[in-house]
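*Asks:* This structure is in structure tokens; I'll ask about it shortly.
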Amino acid sequence: MGSESTVLFREVQRFDQWWLRLLVLVPTSMVWYGAIQQLILGKAFGDNPTSDIGMSILLILFGILLPLFMYSLKLRTEVRQDGLYVRFYPFHLSFRHYPYTNINIYRVRKYSPIREYGGWGIRYGRKGMAYNVRGNCGVELEFNDGKSLLIGSQEPEELERYIHIAMRR
């Protein structure tokens, strides 16, 4: 029986906030417009235009790779029978496993992503480490060694409930 069959709870979160999409869309649109102007229509783009090679590099980096990278970012959290699994793709190529035997306390809590952890993503703050994508709620784990990990969630009560169910087995 594979590890997929033991998944009790799964949550996949993406960076899909409107303001973040806008932050990616603006430079992407500008680069595409400039590339079309310069590379296809033959009109120099801007007051101090870059070379065609430079424009091609900008198109690849900001017109293609940046949007693909932002779209690929996702936080996947799974509660399985043998522990909690977290994967922040593409930074983690495999899941990080947190066995229940290492978890001392777990609880749902509200937090301030910017004040406590300096933003969203894989973050380190005064209170420990956090994996968060959006919002200000999650499940905080305190480990036997005193370290803590906050896992942001859009369904923190469900996440906590399934951790509780799995730990009682």
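*Asks:* Where the accessible area of the range 21-73 is counted over protein heavy atoms with a 1.4 Å probe, how much of it, in %, is carbon and sulfur?
*Replies:* Working: 2740 of 3710 Å².
Result for the range 21-73: 74 percent of the exposed heavy-atom area is carbon or sulfur.
*Asks:* Further, regarding this structure: Going by amide H atoms built from the backbone, whose H comes under 5 Å of the H on E155, apart from near neighbours?
*Replies:* The list, which skips near neighbours in sequence, is empty: none.
*Asks:* Would you mind checking which residues have amide H under 5 Å from L84's amide H? H placed 1.01 Å from N; only 5 or more apart, or other chain.
*Replies:* Sorted by chain and number, the residues that satisfy this are Y98, Y100.
*Asks:* Cα axis of helix 156-168 to longest principal axis of the chain: angle in degrees, 0 to 90, nearest 10?
*Replies:* Helix 156-168 sits roughly 40 degrees off the main axis of the chain.
*Asks:* Further question on the same structure: Alpha carbon centre of the range 1-50 versus the range 65-131: separation in Å?
*Replies:* 23 Å
*Asks:* Right, another one. Charges only on Cβ, +1 for Lys and Arg, -1 for Asp and Glu: so what's the dipole of the chain about the Cα centre, in debye to the nearest 20? Show your work: numbers first, answer last.
*Replies:* Values: 21 positive and 15 negative charges, 71 e Å.
It works out to roughly 340 debye.
*Asks:* Hey, can you grab everything whose amide H is under 5 Å from the amide H of N104? Only 5+ residues off in sequence or another chain; H modelled, so Pro and N-termini drop out.
*Replies:* The answer is E142, F143, N144.
*Asks:* Kindly write out, for the range 77-93 in residue order, the coupling ³J(HN,Hα) from the Karplus curve 6.51 cos²θ - 1.76 cosθ + 1.60 (θ = phi - 60°), rounded to whole Hz, with x marking Gly and Pro.
*Replies:* Residue by residue, the range 77-93 yields 10, 10, 9, 10, 5, 9, x, 9, 10, 10, 9, 10, 7, x, 6, 9, 7 Hz.
*Asks:* Relative contact order, percent, of the range 71-169 when contacts are C-alpha pairs under 8 Å separated by at least 6 residues? Provide the component values of the computation, followed by the final result.
*Replies:* On the way: 193 pairs, mean separation 23.4, N = 99.
Once normalised by length, the contact order is 24 percent.
*Asks:* Shifting gears a bit: Would you mind telling me which residue in F95, F143, F69 has the biggest mean-square fluctuation in a Gaussian network model of the chain, where springs connect alpha carbons within a distance under 10 angstrom?
*Replies:* Its mean-square fluctuation being the largest, the pick is F69.
*Asks:* To the nearest 500 deg cm²/dmol, what mean residue ellipticity at 222 nm is calculated for the chain from DSSP H runs of n ≥ 4 alone, each contributing -39,500 (n - 2.57), summed and divided by the residues?
*Replies:* Numbers: 5 runs with 50 residues, N = 169.
Only helices count here, giving -8500 deg cm²/dmol.
*Asks:* With θ set to phi - 60° and the Karplus curve 6.51 cos²θ - 1.76 cosθ + 1.60, what are the ³J(HN,Hα) couplings of the range 141-149 in order, to the nearest whole Hz, using x for Gly and Pro?
*Replies:* Result, ordered by residue: 10, 10, 8, 4, 7, x, 6, 10, 9 Hz.
*Asks:* Would you mind checking the tilt of helix 18-35 against the longest principal axis of the Cα atoms of the chain, expressed as 0 to 90 degrees and rounded to 10?
*Replies:* Approximately 30 degrees, to the nearest 10.
*Asks:* While we're here: On average, how much accessible surface per residue is there in the chain, in Å², for a 1.4 Å probe, leaving out ligands, DNA and RNA?
*Replies:* Numbers: 10020 Å² over 169 residues.
With the other protein chains kept in place, the chain gives 59 Å² per residue.
*Asks:* Of (1) 1.35; (2) 1.16; (3) 1.23, which one was derived for Cα Rg over 2.2 N^0.38 Å from the structure shown?
*Replies:* Correct label, based on the coordinates given: (1).
*Asks:* Assuming 0.36 nm per residue, please report the length gained on full extension of the stretch Y124 to R10 beyond their Cα-Cα distance. Could the numbers behind the result be given before it?
*Replies:* Details: separation 114, 0.36 × 114 = 41.04 nm, distance 2.37 nm.
Contour length minus Cα-Cα distance gives 38.7 nm.
The values are calculated or read from the model by the stated rules, or taken from the named source; none is laboratory data. As the structure is a computational prediction, the values presented were derived from the model and not from experiment. With ideal geometry, Cβ positions are generated from the backbone for all residues, glycine too; neighbour counts draw on all protein chains shown. Accessible surface areas use protein heavy atoms only, side chains included; no ligands, DNA or RNA. Shrake-Rupley method; radii C 1.70, N 1.55, O 1.52, S 1.80 Å.
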